1. Is it true that V154 is of a type in the set (V, I, T) and within 19 Å of L76 (Cβ to Cβ)?
2. When the residues of the range 51-86 are filtered to those that are among the hydroxyl-bearing types (S, T, Y) and without any contact (Cβ under 8 Å) to a residue 12 or more places away in the chain, which remaining residue is farthest from L19 (Cα to Cα)?
3. Just name the residue that is nearest to V67 (Cα to Cα) out of those in the range 120-163 that are in contact with a helix residue (DSSP H, G or I) (Cβ under 7 Å, 6 or more places away or on another chain) and hydroxyl-bearing (S, T, Y).
4. Report yes if some residue within the range 123-144 is at pLDDT below 95, under 29 Å from D23 (Cβ atoms) and among the β-branched types (V, I, T); otherwise report no.
5. Show the residue pairs meeting these rules: Cβ distance below 8 Å; 6+ apart or different chains; first residue within the range 33-50 and more than 24 Å from T157 (Cα to Cα); second residue of a type in the set (V, I, T).
Amino acid sequence: MVPPRSERNQEGPNGPIRLDDTDKAIVQHLQADGRMPYTKLGPLVGLSAPATRQRVLQLIESGVMEVVAVTDPRTLGFEIQALVGVNTAGGVDNAAEFMAELEEVDYLAITTGRFDMICEVVCADNDHLLELMNLLGTHDSIASIEVFSFVRLVKQTYDWGTR
């Protein structure tokens, strides 16, 4: 089992992981179609299907990539998506641990600038969002929150490539 992204090493034993052109091509093709069979992917990147499978497994095990299904929350009945800016009371670690456990939080980053943390939340409706904001507002490690509800999601992509 691959550990969560936050628990993986961000570098290999000799520094940042370097991808060769074949690795980059594999990532780019899987970003376009994460279900592409190795028998189709292999010829596109110049490898046999078994060699392609091995490369994909190495990329996953090293934490370079993961292959996941991405859902659209609206189609599943979640009407509200929002970004939440959080300022903490004391250290940021306690607040981050607390928020990382919340089911509604699907993205959480400790940041610099105006907020100590930024997270994205997905809620069923406005009442659900209000309950979540009340929970956050009463937690000892959270000093303040600011909510930015999505009116319309214009672009969301996961194909930034490998550069």
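The values are calculated or read from the model by the stated rules, or taken from the named source; none is laboratory data. Fair warning: this is a prediction, and the values are worked out from it, not measured in the lab. All Cβ positions, glycine included, derive from the backbone under ideal geometry; neighbour counts span all protein chains shown.
1. Here the answer is no, as V154 does not meet what is asked.
2. My answer is T75.
3. By that ranking, first place goes to Y158.
4. No, every residue in the range 123-144 fails to be at pLDDT below 95, under 29 Å from D23 (Cβ atoms) and among the β-branched types (V, I, T).
5. So the pair list comes out as G42/T52; G46/T22; L47/T22; A49/T39.
For every residue, the table says whether it meets (1) exposed (fewer than 14 other Cβ atoms within 10 Å of the Cβ); (2) closer than 15 Å to I60 by Cβ; (3) at pLDDT below 90.
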| site | (1), (2), (3) |
| --- | --- |
| P4 | yes, yes, yes |
| G12 | yes, yes, yes |
| L30 | no, yes, no |
| R35 | yes, yes, no |
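Results for (1) of a type in the set (S, T, Y); (2) in contact (Cβ under 8 Å) with a residue 60 or more places away in the chain; (3) farther than 15 Å from I145 by Cα, shown as yes or no for each residue.
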| site | (1), (2), (3) |
| --- | --- |
| T88 | yes, no, no |
| L102 | no, no, yes |
| V121 | no, no, no |
| L129 | no, no, no |
